[in-house]
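The values are calculated or read from the model by the stated rules, or taken from the named source; none is laboratory data. In this text the structure is predicted, and so the values were computed from the model without any measurement. Here the Cβ is made from the backbone with ideal geometry for all residues, glycine too, and neighbour counts use every protein chain on show. For accessibility, only protein heavy atoms count, side chains too; no ligands or nucleic acids. Shrake-Rupley method; radii C 1.70, N 1.55, O 1.52, S 1.80 Å.
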Amino acid sequence: MSFFKKIFSKDKKETLDKGLEKTNTSFIAKLSKAVAGKSKVDDDVLDNLEEVLVASDVGVNTTLKIIERIEKRVERDKYLGTDELNKILREEIAGLLSETNTGEAVDFSIPTAKKPYVIMVVGVNGVGKTTTIGKLAAQFKKQGLKVVLGAGDTFRAAAIDQLQVWADRVDVPIIRQEMGSDPASVAFDTLKSAVSQDADVVIIDTAGRLHNKINLMTELTKIKRVMQKVVADAPHEVLLVLDGSTGQNAFEQAKQFTLATEVTSLAVTKLDGTAKGGVVIGISDQFQIPVKYIGVGEGIDDLQVFNKLEFVDSFFK
């Protein structure tokens, strides 16, 4: 039984192991091939490892950082056996994630000094944005927090209806208007309602369109400005939801959204259906934004608070 399993909840860890199974199987198979016939970590092994990391969607820049960290270890320790490579990778990747304060949290919590704590959720359509909001609402409610949802994606009737389904399922209030309404107006009404209800958390959905970055930027800026008429420093968090199964495409989405607005945290979804779990490491490192949540399955409890030690343990299991 590993050290990690002793300090984390058994159910959560098992769900994570299962969710990252495809990533783990694919990575370990490639790693075994990379070190086949080698007893020590040398230039050939590092070259092969570089290919394995890039192929696992860790991203080129982050891969080079990891290789550099391992080269320093080789230089320092003079000899590193290939049998130690797995352990070293865990340590160096956990170290890299620490640089963005990624994966430090252990539960669904919010800063108590802000009330209501306002989260604006951004991301393209189809990444699991509405589902993430619904699951987050469920987790916050489980913590005894009073949650209010705002259906700010007014460009798609389906988005409003889908969020309503989640609000009903979790049994939390939702503020909505007709399709085509001004999203900033929905955000304003949501915050007004949350303040009058003495709510702890507000989660606001936004439209997931990327075809025109200027429009997106203008719209998100307007939503923020209007929110601040009710809660002076809102939003306290801008959460970007990315679909982990799209690999390199998720990097591109992160790039577009970080140009359009200030993103303060990330949720990476759909990791259970893919071997591209390395994207979590690469995106957090490249954009210097902490990954806060990961989706490893369909169930409500399959949205997990991202913990770097658990993640690297499951990744290199």
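Just one of the listed residues (Lys317, Lys276) is of a type in the set (D, E, K, R), buried (at least 23 other Cβ atoms within 10 Å of the Cβ) and out of contact with any strand residue (DSSP E or B) (no Cβ under 8 Å at 6 or more places or on another chain), and it is Lys276.
Within the range 234-250, take every residue that is in a helix (DSSP H, G or I) and open to solvent by 20 Å² or more (accessible area, probe 1.4 Å) and give me the one that is farthest from Val127 (Cα to Cα). That would be Gln248. Whether a residue is under 17 Å from the mean Cα position of the chain (by Cα), part of a strand (DSSP E or B), surrounded by 15 or more Cβ atoms within 10 Å (Cβ to Cβ) and among the hydrophobic types (A, V, I, L, M, F, W, C) was assessed, and Val121 passes this test.
At least 2 residues being crowded, with 22+ Cβ neighbours inside 10 Å and of a type in the set (Gly, Ala, Ser) is the threshold, and among the helices (runs of 4 or more DSSP H) wholly inside the range 134-233 those reaching it are 183-196.
A Cβ distance below 6 Å, combined with a sequence gap of six or more or placement on separate chains, defines the contacts here; from the range 80-93, residues that are touching a residue at least 24 places away in the same chain (Cβ under 8 Å) reach residues that are open to solvent by 50 Å² or more (accessible area, probe 1.4 Å) and part of a helix (DSSP H, G or I) in the pairs Glu92/Arg69.
Here Val268, Val263 are screened, and the one residue that is more than 20 Å from Lys65 (Cα to Cα), over 11 Å from the mean Cα position of the chain (by Cα), of a type in the set (A, V, I, L, M, F, W, C) and not in a helix (DSSP H, G or I) is Val263.
Residues considered: Val279, Val231, Val186. Of these, the only one that is free of Cβ contacts under 8 Å to residues at least 60 places away in the same chain and of a type in the set (A, V, I, L, M, F, W, C) is Val186. Only residues that are over 12 Å from Thr264 (Cβ atoms), open to solvent by less than 50 Å² (accessible area, probe 1.4 Å) and not in a strand (DSSP E or B) were counted across the range 285-299, and they come to 4.
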